[in-house]
């Protein structure tokens, strides 16, 4: 979700610059820095952002260079003259002194605010849209890079899973021999039928067939969801969690040094995927 966009334009002897920066965040967090004169457009700009960007910490900065309209104060002549007339009734001072007193009284100054011109509104909205397009292009390029990285790491996990499938028969045989050797050392009399049942029970505890099948399905589903157009970052995160469960279960049932090493490699690749998924919408 990291992105940056910048756009500039000239209008009515003013230079407008809009910068939009986005960072990772679970929710949408908008922060606007807009000159006071242009604040009336902020709700409209927020509405545009909410439609285009669904998540992330978003900072929007609008810079105006040139003749920026400000509030101007002017003398309210009619009010001041009326004050002076009234003051002369109660004060015999010179007109200059009366004027000094009059301009301190309420409404002696009137403030006029310059309205935002239609050309400026249109220019700011167009510049904002251009900067937002740059942000989306930036994020799409980053997404394409992440997609290639995910594909590579999913393929690595798939290849490691193939190694697990390849050594699993040997692992089962070693576990069986180990159990039989331990039983042979017992000096007590055993029931062969019961012994066989217990052996099957323990071998089933170490069986990873279901985990291998589910992990294979999760890997395929991850690639399928990644190929869709709509934002699926959260769904990919859920799939990654399920992949982690299967890998952990394989590790807990491994009882085989070679298989445990493969599990560590799979976990390493999956953690890198999870870290990068924080950057996906």
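Just so you know, all these numbers are worked out from the coordinates, no wet-lab data involved. Keep in mind it's a predicted model, so treat the numbers as computed, not measured. Every residue, glycine among them, receives a Cβ derived from its backbone with ideal geometry; neighbour counts consider all protein chains shown.
What the table shows:
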{"read-out": "Residue 209-residue 230 FRET efficiency (beta carbon distance; Förster radius 41 Å; 0.05 resolution)", "value": "0.75"}
{"read-out": "Region 72-112, relative contact order in percent, only Cα pairs under 8 angstrom and at least six apart counted", "value": "66 percent"}
{"read-out": "Kirkwood hydrodynamic radius over Cα pairs of region 212-256, then Stokes diffusion coefficient at 4 °C and 1.567 mPa s, in µm²/s", "value": "115 µm²/s"}
{"read-out": "Additional length obtainable on full extension of the chain from residue 74 to residue 261, 0.36 nm per residue less Cα span", "value": "59.2 nm"}
{"read-out": "Additional length obtainable on full extension of the chain from residue 129 to residue 15, 0.36 nm per residue less Cα span", "value": "39.4 nm"}
{"read-out": "Overall form of region 42-182 per C-alpha gyration tensor (a/c, 1.5; a/b vs b/c)", "value": "prolate"}
{"read-out": "Scaled radius of gyration (Cα, divided by 2.2 N^0.38 Å) that region 72-112 gives", "value": "1.14"}
{"read-out": "Region 233-281 shape via C-alpha gyration tensor axes, a/c threshold 1.5", "value": "oblate"}
{"read-out": "Extension gain (nm, one decimal) between residue 245 and residue 23, 0.36 nm per residue minus Cα-Cα", "value": "77.0 nm"}
{"read-out": "On Cα atoms only, tilt of 118-184 relative to the major axis of the chain in degrees", "value": "20 degrees"}
{"read-out": "For the chain: Kirkwood Rh in Å [reciprocal of mean 1/r, alpha carbons]", "value": "25.7 Å"}
{"read-out": "Pairwise FRET efficiency - residue 40 versus residue 85, Cβ, R0 = 41 Å, nearest 0.05", "value": "0.55"}
{"read-out": "Modelled FRET efficiency - R0 30 Å, residue 122 with residue 148, Cβ distances, 0.05 increments", "value": "0.15"}
{"read-out": "Ratio Rg/Rh, restricted to region 1-57 and using Cα atoms, in which Rh is the Kirkwood radius", "value": "1.00"}
